[in-house]
Amino acid sequence: MYLAERRGTTAPASAPAAPGTRPGRRAAAVPGTVLALGAVSLITDVSSEMVSAVLPLYLLTGLGLSPLGFGVLDGLNNGVGALVRLVGGHLADRGRSGHKTVAAVGYGLSALCKPLLLLAHTVPLIGAVIAVDRTGKGLRTAPRDAMISLATEPEHRGRAFGVHRAMDTAGALIGPLVAFGVLRLAVDGYDAVFAVSGCIAALGVLVLLLFVPGRQRSAGAPAPAVSLRDAFGLLRIPQLRRLTLCAMLLGLTTVSDSFLYLLLQRRLGLSTHLFPLLPLGTAAAFLLLAVPLGALADRIGRRRLFLAAHGVLLLAYGLLLGPWSGGAAALCVLLLHGAFYASTDGVLAAAAADAAPAEQRGAGLALVGTGQALARFACSLAFGAAWSAVGGTAALAWSAGALALCVAGAALVLREPADNTQEVTP
């Protein structure tokens, strides 16, 4: 066994080079594999956020869906992907060509779904398309994050995930702008958004196939004989078990982005044409803060920062519930929302990579991500039902109170042992 511990520690000369680096050379803090995957995520997120930016209004105003019905569909964004995320991580760990093949299948499925929205004009059909799209996202997420973690030195993982998430968020920033422009220029605005989104998604798959290196095993090295039972057995690792429990606990009170933007839009009285611009505030803050906060997580502890970020989210809820109104208040809410994501998304993945063994990295990342996604699925259902029963503002107040309690509970779960960036690899 070898221990990768402190900044500046070098691997033994016989250790294999990380993917995206040349043998005999020390791995960079942000390897080429991370940058290539960041480019894929940037392009794909332009496509995805074009649809996400218009879908809430399309469903609620165009098709007359109720908030409860939207909560069910929005929950599919998390729930369906969660059901296949473990499968994606497991298949990626077993395959000879490694994580790239499974990631390519996931990106391909999502790309195929965008044109299908042109043909789906009823809620059940749109729900089915969303389910397939989330299946693709569930398949690709764990293999992609595993490739990032395996290509990066342990002490630099927070920064590497921050760079990837920043590039991903650049796509999230561009996507709503493109959707806004298409809606303004096209006669059949929604259909045009879906068509352009499909073309961009196909480009992302092409970049993945051409520029992201695969993790090839040597001819004499068979794929590890691990089963899904072995994947669940990873929960015997105390650090991974605590992290999964914490992610689930906090996910139960994390209101989905779509509901947050709908609350802002109704409070400010924005026109439907301006609604796709609301995610830009979140994306801009995420883009600016992802790298510095990822580096901060490497220094102060990833789980510590992950927990503190939910206090930031609680502040955003408080501003939305308070007496303040106008553009300044909305901007503060969106900035806090972006800071929350910059402190949690890549940081949680880096923390999970620390705890999972290298040969089951995909499955370990999938376990934590699946727990969080299932919890957010339950939150979407509960919040949609609460909105329909008592109104959006009261539902958010209940969520804020529950989030405060969950932050206190998660602090107890993560109290021991102290966070560090050590990784033990067999």
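The values are calculated or read from the model by the stated rules, or taken from the named source; none is laboratory data. Note that this is a predicted model, so its numbers are computed, not measured. Ideal geometry is used to build each Cβ from the backbone, glycine not excepted, and the neighbour counts take in all protein chains shown.
Observations on the structure shown:
- Region 359-393, subset among the aliphatic types (A, V, I, L, M) and under 17 Å from L414 (Cβ atoms), residue surrounded by the fewest Cβ atoms within 10 Å (Cβ to Cβ): A375
- Every pair of residues 6+ apart whose Cβ atoms lie under 7 Å, when the first sits in region 116-128 and is without any contact (Cβ under 8 Å) to a residue 12 or more places away in the chain while the second is buried (at least 16 other Cβ atoms within 10 Å of the Cβ): A120/I126; A120/V129
- Region 314-358, residues that are under 17 Å from A411 (Cβ atoms), within 16 Å of the chain's Cα centre (by Cα) and not β-branched (V, I, T): F340, S343, L348, A351
- Restricting attention to region 364-419, the residues being of a type in the set (G, A, S), part of a helix (DSSP H, G or I) and modelled with pLDDT under 85 number 2.
- Matching residues in region 230-283 - criterion: being outside any helix (DSSP H, G or I) and more than 21 Å from the chain's Cα centre (by Cα): I237, G269, L270, S271, T272, H273, L274
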